[in-house]
Amino acid sequence: MTARKVALDALVEIEATNAYANLKLGPLLERSGLDERDRRLVTELVYGTIRRQRSVDYLVDRFLVDSPPPAARAALRLGAYQLRLTDIPDHAAVAATVDVTPKRFRGLVNAVLRKVAKSAVEWPDDGTRLSYPDWIVDRLCTDLGDEAAIDALETMNRAPEVTVRDDGYTQDRSSQRVVEALGVRPGQLVVDVCAAPGGKATAMATFGARVVAADFRPRRVGLIASNAQRVAAGRASDASVWPVVADARRPPFRSACADVVLVDAPCSGLGVLRRRPDARWRVSERDVAELAEMQGAILASSSDLVADGALLAYSVCTLTAAETTGVAEAFAAEHPEFEPVAPPGDPWQRWGTGALLLPQADDSDGMALFLWRRRP
Ligand SMILES: C[S@@+](CC[C@H](N)C(=O)[O-])C[C@H]1O[C@@H](n2cnc3c(N)ncnc32)[C@H](O)[C@@H]1O
């Protein structure tokens, strides 16, 4: 098996089963027998081709009369991706792709890829050029302004670098910045109402807080427990994380029990599109509205847990106004007992009463954060 063959099989299978790319690719790589270097190449080719699917379809569709069968379509995408979006030399990209294409499609794939290699391209619009659904481009341009939105979309077309905390937990810098902004102190009781898989909960525990880490999906609470154990094992301190299955819309905790309440809410994830290559094709505009409503409900019910003078934090890894300022403003209007707390500065930018971290500001995930204190 060559790397291109594994990549092509993966693309065909992911498309046929509508599977999550990251879930499908792992087992295929395990079975492939490829060495580490080739596995990295397969991952880059498969993730890149899926991420840039709209762009590569545009490149090849100019030279097709009919839509080709799935195996030919996948080979064309894989070839066009290498030709236009990697440093792989043209002749190698075409030859290696044609080599692994099923025999009956080789003529077609060879002819079309050669044309793609030779012809200049004029992109019809930013959605096609950058390979995002139009609604995401339109929405972010409206909410962030054209320049910031296009910059964010370009940044999210690059695979993220891996950042690892001192305790060995892999966590993006943006999440670490959220935790820093909370200023959690030793002995404080923190309730993290949407905690799985436990990234921020385990980080807050390293500051010596007692962290109740709740999530409403039992299986994901299992993840919090195993991550907390793994992180604690590598450390001398007795930092504590208590995993709990609970719905944050009806949190089963005493009113005013917490020094810090974190609502790291489920969101459309438009700030983390670089992480999951297929996420941009799965999320819909309707999700944004539904998730904004859910966030508002979770924030309102969780605010009841905040003690007098204590901190309430709302964060999301997305960039739409509806889910960030929209939710924060609606909450503030209904809850005058909370006063805004000054948000963190650079690389965050001011965003309503909170802060926005654009992916391009720190080459990190995109994130929004709002802080309030319950008036004593
Ligand atoms: C953005 S993730 C949290 C990430 C986590 N804070 C971290 O840093 O690792 C949102 C989480 O909210 C959970 N969730 C969604 N709706 C919920 C609800 N009604 N109650 C509690 N958890 C919920 C999801 O299962 C998901 O694990």
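Assorted remarks:
- A cut-off of 5 Å between modelled amide H atoms, ignoring neighbours fewer than 5 places along the same chain, links Ala195 with Ala214, Asp215.
- Alpha-carbon Rg with Dmax, taken over segment 3-118, Å: 13.1, 39
- Global size of segment 60-185: 20.2, 66 Å for Rg and Dmax (C-alpha atoms, Rg to one decimal, Dmax whole).
- Magnitude of the charge dipole for the chain, about its Cα centre and with charges confined to Cβ atoms of Lys, Arg (+1) and Asp, Glu (-1), is about 1360 debye.
- Averaging the sequence gap over all C-alpha pairs within less than 8 Å and six or more residues apart, then dividing by the number of residues, gives the chain a relative contact order of 13 percent.
- Binning all Cα-Cα separations of segment 173-216 at 5 Å, short to long from zero, yields these whole-percent fractions: 6, 27, 35, 24, 8, 1.
- Anchor Lys103: lysines whose Cα lies under 16 Å away (excluding residues fewer than 8 positions away in-chain): Lys5
- All aspartates and glutamates inside 15 Å of Lys115 as judged from Cα atoms, apart from same-chain residues fewer than 8 positions distant: Asp57, Asp61, Asp90
- Cleavage-rule hits, trypsin sites (Lys or Arg not before Pro), segment 54-146, DSSP coil, Cβ neighbours within 10 Å at most 16: Arg62
- Across all Cα atoms of segment 173-374, the radius of gyration (one decimal) and Dmax (whole number) stand at 15.8, 46 Å.
- MRE, 222 nm, helices only [DSSP H, n ≥ 4, -39500 (n - 2.57), over the chain, to nearest 500]: -15000 deg cm²/dmol
- Principal axis dimensions, segment 187-280 - Cα atoms, whole angstrom, descending: 40, 34, 22
- All-pairs alpha carbon distance profile, the chain, 10 Å steps from 0, percent: 5, 22, 28, 22, 14, 7, 2, 0
- Contact order relative to length of segment 192-346, as percent, for alpha carbon pairs under 8 angstrom and 6 or more apart: 23
- Charged side chains reduced to their Cβ positions (Lys and Arg at +1, Asp and Glu at -1) give segment 196-267 a dipole of some 180 debye around its Cα centre.
No lab work stands behind these numbers, since they all come straight from the coordinates. On a predicted model such as this, the values are computed, not experimentally measured, just so you know. Glycine also receives a Cβ, built like all others from the backbone with ideal geometry; neighbour counts cover every protein chain displayed.
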